[in-house]
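What follows is a single structure, written as structure tokens, with notes after it.
Derivation of every value follows stated rules applied to the coordinates shown; laboratory data play no part. This one's a predicted model, so the numbers in the text were calculated from it and none came from an experiment. Positions of Cβ are generated from backbone atoms using ideal geometry, with glycine treated the same way; all protein chains shown enter the neighbour counts.
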Amino acid sequence: MNERDELISEALTVLDQNWLGESTRPAPRLYPHQWSWDSAFIAIGNAGRNSARATRELDALFRGQWSNGMVPHIVFGPTDDHYFPSASFWQSRLSPDAPSMDTSGICQPPVHALAVGAVVRRLDDGRPFLAGIFDRLCAWHDYLFEERTIAGGLAEIWHPWESGMDNSPAWDDLMANLHPRADEIPAYERVDTAVVDAADRPTGWEYDRYAYLAAFLRDQNYAPTDPAAIPFRAHDVLFNSLLARSEVEIAGLAGLVGADPTLHVDRAAALGDTIHRRLWDESLGMHASLDVRTAQRIPVQIAGGFAALLAAPPPQMTTTIVQTLSDILVPLSDRAVALPTVPVTDPGFEPTRYWRGPAWINLMWLTAHGLDEVGEPTLARRLRNGITTLVRAGGFHEYFDPTTGTGHGSSDFSWTAALSIAATDELADSA
Ligand code: 2M8
């Protein structure tokens with residue numbers, strides 16, 4: 001077996017081991033249920049190798065969809081243990097919109113349309129699967145455009161977990177501005193630090209605030225009546241760029257099910273314009289997320305900001321972004337680079353702490369796609385080579401120290417495996 005086939009076969013073994021029967025857990029012990037954006041990445045990896053499983057994965061996730069359209073960030077399995085916050089913490093059925101199975105009460109970045117598109121393109125006839133999921137996908141986006149787009153034309157996140165980049169330095173000031181009273185922080189017991197090194201995870205101070213924010217939303221049955229009272233509100237670049245790019249994807253898929261693409265084309269264009277107008281930060285040379293409560297952009301260079309490449313930036317902006325990105329990328333060899341979540345030169349860079357420095361395969365893969373879309377295939381290739389280099393040397397870890405290449409967090413991490421397959425296939429296709 002050549003190196004390429006070997007990597008794919010090992011990645012498929014990880015996905016097999018994490019398969020729960022209807023969906024795939026992100027990792028064996030750390031994340032035992034179904035997570036929203038993880039499942040989208042996992043379906044992308046399975047699309048070309050195990051398309052039946054990819055369709056089941058997405059169907060299972062959308063079975064957890066709420067009647068208001070929200071796709072929850074966790075769909076819980078039948079056993080409610082070994083994870084904090086558990087189903088009994090979230091109590092999703094406090095909301096009349098929640099389905100009969102247990103879910104969390106918040107969401108994650110809308111990357112699902114890209115997964116649906118990837119799966120449909122790999123099926124002999126993708127129309128039956130698409131017909132079953134298309135309206136649900138549109139309802140998810142309607143939720144984001146209607147219930148989460150409150151001011152300024154951008155969708156809001158209400159919890160750092162909704163960004164997917166939980167303890168990113170982008171959220172430091174917003175978190176520091178939360179002043180929960182002791183009785184507003186619910187009692188809880190962490191499970192994560194018993195499974196992986198606590199030094200690689202968010203701090204206790206951050207977890208207190210995660211628990212406080214989740215309980216705040218829960219105590220309003222997940223339907224806050226006064227947006228001004230929500231303690232954490234951000235316009236995240238990654239979240240909104242994925243929403244814009246996903247609208248383009250939905251527009252492209254619409255014809256296959258006889259739907260009208262116009263709304264989706266218009267939404268993608270309007271949202272893209274707003275992203276480039278409101279989130280562009282000339283001094284950073286890239287886009288930055290915005291604190292809705294202060295109406296200020298958050299002046300930090302975060303890898304998620306490069307997702308704006310997926311939202312059709314204008315040419316001059318694109319040139320600046322690619323230059324900034326090139327300066328931040330860390331060489332792994334003469335043809336492979338890693339994308340750290342925070343520049344290694346940043347005083348706050350922590351090489352192994354979760355979303356505060358390590359290289360994450362999903363952000364590298366999304367950035368490679370953004371580069372393809374703005375006509376930078378050489379840099380895209382170096383990023384994909386970076387993905388295969390990191391997993392060959394470090395295994396299918398959750399994240400990697402970009403300065404040494406060593407793997408951290410959970411081993412046998414599903415989206416690392418799935419996107420290694422996708423990157424390997426894309427490298428072969430572009431050779
Ligand atoms: C991490 O987030 C969860 C909370 O949702 C956690 O730390 O327990 C993040 O890396 C998130 O992006 C990811 O979806 C999740 C499962 O892999 O883990």
Quick calc, Glu3 & Glu147: beta-carbon distance into FRET formula, R0 45 Å, rounding 0.05, result 0.45
Most packed first (mean Cβ within 10 Å per residue), the peptides 68-77, 279-288, 319-328 order as 68-77, 279-288, 319-328
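If each DSSP helix of 4+ residues adds -39,500 (n - 2.57) and the sum is divided by the residues in the chain, what number results at 222 nm, nearest 500 deg cm²/dmol? Each step should come with its number before you reach the end.
Working: 16 runs with 201 residues, N = 431.
About -14500 deg cm²/dmol.
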Per the rule of 0.36 nm per residue minus the C-alpha distance, extending Leu94 to Asp125 adds in nm 7.2 nm
Karplus ³J(HN,Hα) for region 29-40 (6.51 cos²θ - 1.76 cosθ + 1.60, θ = phi - 60°; Hz, whole; x = Gly/Pro) runs 10, 5, 10, x, 10, 9, 9, 5, 6, 4, 5, 5
FRET efficiency for Glu22 and Gln220 from the Cβ-Cβ distance with R0 = 25 Å, rounded to 0.05, comes out at 0.20
Within region 347-382, the residues whose backbone N lies under 20 Å from a label point placed 7 Å from the Cα of Thr193 along the Cα-to-Cβ direction are 350-358
Interchain or sequence-distant (5+) residues whose placed amide H lies within less than 5 Å of the amide H of Ala234 are Ile157, Val292
Karplus-derived 3J(HN,Hα) from phi for region 117-130 (6.51 cos²θ - 1.76 cosθ + 1.60, θ = phi - 60°), whole Hz, x at Gly and Pro, runs x, 4, 6, 4, 5, 8, 7, 4, 9, x, 5, x, 4, 5
Sequence order, region 7-17: Karplus ³J(HN,Hα) from phi using 6.51 cos²θ - 1.76 cosθ + 1.60, θ = phi - 60°, Hz rounded, Gly and Pro as x, gives 4, 5, 5, 5, 5, 5, 5, 4, 5, 4, 5
Mean Cβ-within-10 Å packing, highest first, puts peptides 185-196, 411-422 in the order 411-422, 185-196
If every Lys and Arg gets +1 and every Asp and Glu gets -1 at its Cβ, then about the Cα centre the chain yields a dipole, in debye to the nearest 20, of 260 debye
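Dipole magnitude of region 176-242 about its Cα centre, charges +1 at Lys/Arg Cβ and -1 at Asp/Glu Cβ only, in debye to the nearest 20?
About 140 debye.
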Charge dipole of region 96-236 built from unit charges on the beta carbon (Lys, Arg +1; Asp, Glu -1), centred at mean Cα; most positive-end Cα among Ala176, Pro186, Phe134 is Phe134
Ordering 266-273, 252-259, 2-9 by per-residue average of other C-beta atoms within 10 angstrom, highest first, gives 266-273, 252-259, 2-9
